[in-house]
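Enquirer: Can you keep this structure in mind? I'll have questions shortly.
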Amino acid sequence: MIIEEITRNHKLLHRHRLSQNSITIGRDYNNDIIITVPYICPQHLSLNYDQGSWQLNDNNSINGTIIEKTNAKSINAHQQTINDGDIVILGKRQLQIRFKSHHVADTVTFSSFEYLINFIRNPMTVFASIVLFMLIAANHPYLNQVTATNISQLFVDAVSKTLLLGLWPAVVALASHLTTHEPRILA
C-alpha cells in the first residue's frame, strides 16, 4: 500500500510505501506513519488488511477521521473499507490511499520548446553565447568607423553591454522553471 500525505489542494507532501498488513498512524513515535500535527491524536487510526480488503479504524480520536470516497461522498471512519484513491482526512491533514495496482499515468514527452530550453541551459551553450554576445557588442559601434580604436575601449563597451543586458539568464531560468517545474530558479 502507498499512503500519500497531500495538501488541501491535493499537492503531494510525502509518500510512504508500506508492505505490512497492519499500519498505525498518529503523532506517537511508535506509529508506522508519524504526523506531527497537534490536531492528530498519538494513536489516531489504524489500517488492517483482512479478508482481501483494507479496513480503517479510528481509535476514538478527538477530532475524528473522515473518508472521502472516490465517488465524492464523505463518511465518518470507524471500521470502514478503504478503496484505491480514497482520501482520509485527519484533523487538518489529508492522506490519499493508493494500492500497488493503481494505474500510473503515461509518460509525457518533451516538447520542442523544452528541448530548446535544455539546450540553452547547457553550460557550454551559455558560455558560447556570452562570448559571442561580447564580441558582437564590442565590435558593433565601431564597424563603420574609419578611425582606429583601442582594445581597452572595445573591452569596456563589451563588458558594460554584457552587464546591462545580462538579465537574459534570469529569463531563461524562469522559462525553464515554468516548463519543467524545477524549484531551482537561481541555479
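Enquirer: Say we join alpha carbon atoms closer than 10 Å with springs in a Gaussian network model of the chain; which of D50, D58, D157 then has the biggest fluctuation?
Expert: Maximum fluctuation in the GNM of the chain, among the listed residues, is at D157.
Enquirer: What accessible area per residue, rounded to a whole number of Å², is obtained for the chain using a probe radius of 1.4 Å? Mind showing how you got there, number by number?
Expert: Details: 12770 Å² over 187 residues.
On a per-residue basis, 68 Å².
Enquirer: Let's see if you can work this out: charge +1 on each Lys and Arg Cβ, -1 on each Asp and Glu Cβ, no other charges. What is the dipole magnitude of segment 1-129 about its Cα centre, in debye to the nearest 20?
Expert: Working: 12 positive and 11 negative charges, 58 e Å.
It comes to approximately 280 debye.
Enquirer: Of all accessible surface on segment 23-121 at a 1.4 Å probe, what whole percent is carbon and sulfur? If you can, show how the numbers build up before the last one.
Expert: Working: 3010 of 6010 Å².
Percent of accessible area from carbon and sulfur atoms in segment 23-121: 50.
Enquirer: Run the Debye formula on the Cα coordinates of the chain, all scatterers equal and no solvent, and tell me log10 I(q)/I(0) at q = 0.08 1/Å.
Expert: Values, matching the q order: -0.51.
Enquirer: Sticking with this structure for a sec: For K11 and S129, calculate 0.36 nm times their separation in residues minus their Cα-Cα distance, and state this gained length in nm to one decimal. Please list the in-between numbers first.
Expert: Values: separation 118, 0.36 × 118 = 42.48 nm, distance 3.77 nm.
Taking 0.36 nm per residue and subtracting the Cα distance, the gain is 38.7 nm.
The values are calculated or read from the model by the stated rules, or taken from the named source; none is laboratory data. The structure displayed is predicted, hence computed values, not measured ones. Cβ: placed from backbone, ideal geometry, glycine included. Neighbour counts: every protein chain shown. These accessible areas exclude ligands, DNA and RNA; they are computed on the full protein's heavy atoms, side chains included. Shrake-Rupley method; radii C 1.70, N 1.55, O 1.52, S 1.80 Å.
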